[in-house]
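Quick notes on the structure that follows.
The values are calculated or read from the model by the stated rules, or taken from the named source; none is laboratory data. All figures in this text were calculated on a predicted structure; none of them were measured in a lab. Quick reminder, even Gly has a Cβ in these numbers, built from the backbone with ideal geometry, and neighbours come from all protein chains shown.
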Amino acid sequence: MQKPVDYKANGSIYFLMTTACLLLLLSFGYRSSFGLFIKPLTEANGWGREAISMALAIQNLFWGIVAVFAGGLADRYGNVRVLVGGTLLYAGGIALMAGVESIWVLHSSAGLLVGAGIAGTSFGIVLPAMARAVGESRRQLALGLGTAAGSLGQFAVVPIAQQLINSFGWIAALNILAASALSMALLAIPLAPYSGKAETETVAREQTVSEALQRPWGTAPFCCW
């Protein structure tokens, strides 16, 4: 006899997948729109393009560094707490960019804060929760959808940001983007039951940080790559 379909459970999973994909879309979309602010920033402060280029370089570097610690914090305290923290850093960094007059504030906001915010709201934090939510049978589909949503965000948010600049000016546009970035915290809430904190507590007690770092070096594919 065929097992009846649990539409309520499926509906919850679809809702979770939708919110998680929207979160990734926004996370990668905001940073992709920063190129639109190069001209108004340079005109307002008399900077060269190298100023914001350096800020974006710091952002990418800090994203990679903080991502390592964000993953560890997600294992220890749960994905949702890291997502909320990353959202606050992300929104704060965008807000500080509005009307910035100091190059060091630019590097701290668009560089350090936004870089840390991306690390706390991107693939390494969201995709594991999505994979746990759907189970092993649909894991590849979930990971594919999440990755595609992040890539789509790099195109979807940019025209919206350009329209905001044209309609309200670049300072107001950044403030609007910062306020809308806070919605990522709300989108993270459905992931709470799959945050993974309980699953990793035993592993965290049995494996030290040095052991975790040494383990991949013992595998041939990692070393060859």
Surrounded by fewer than 19 Cβ atoms within 10 Å (Cβ to Cβ) and part of a helix (DSSP H, G or I): which single residue out of GLY72, GLY93 fits that description? GLY72
Find all pairs meeting these conditions: Cβ atoms under 8 angstrom apart; at least six residues apart or on different chains; first residue within the range 178-194 and under 22 Å from ALA131 (Cα atoms); second residue of a type in the set (Lys, Arg) and surrounded by 15 or more Cβ atoms within 10 Å (Cβ to Cβ). TYR194/ARG132
Check ILE65, ILE13 and return the single one that is modelled with pLDDT under 90, among the β-branched types (Val, Ile, Thr) and touching a helix residue (DSSP H, G or I) at 6+ places or on another chain (Cβ under 9 Å). ILE13
Looking at the structure I just gave you, is GLY117 surrounded by fewer than 24 Cβ atoms within 10 Å (Cβ to Cβ) and modelled with pLDDT of 95 or more? no
I'm trying to understand the selection: among the residues of the range 132-164, which are modelled with pLDDT of 90 or more and either buried (at least 21 other Cβ atoms within 10 Å of the Cβ) or small (Gly, Ala, Ser) (or both)? ALA142, GLY144, GLY146, ALA148, ALA149, GLY150, SER151, GLY153, ALA156, VAL157, ALA161
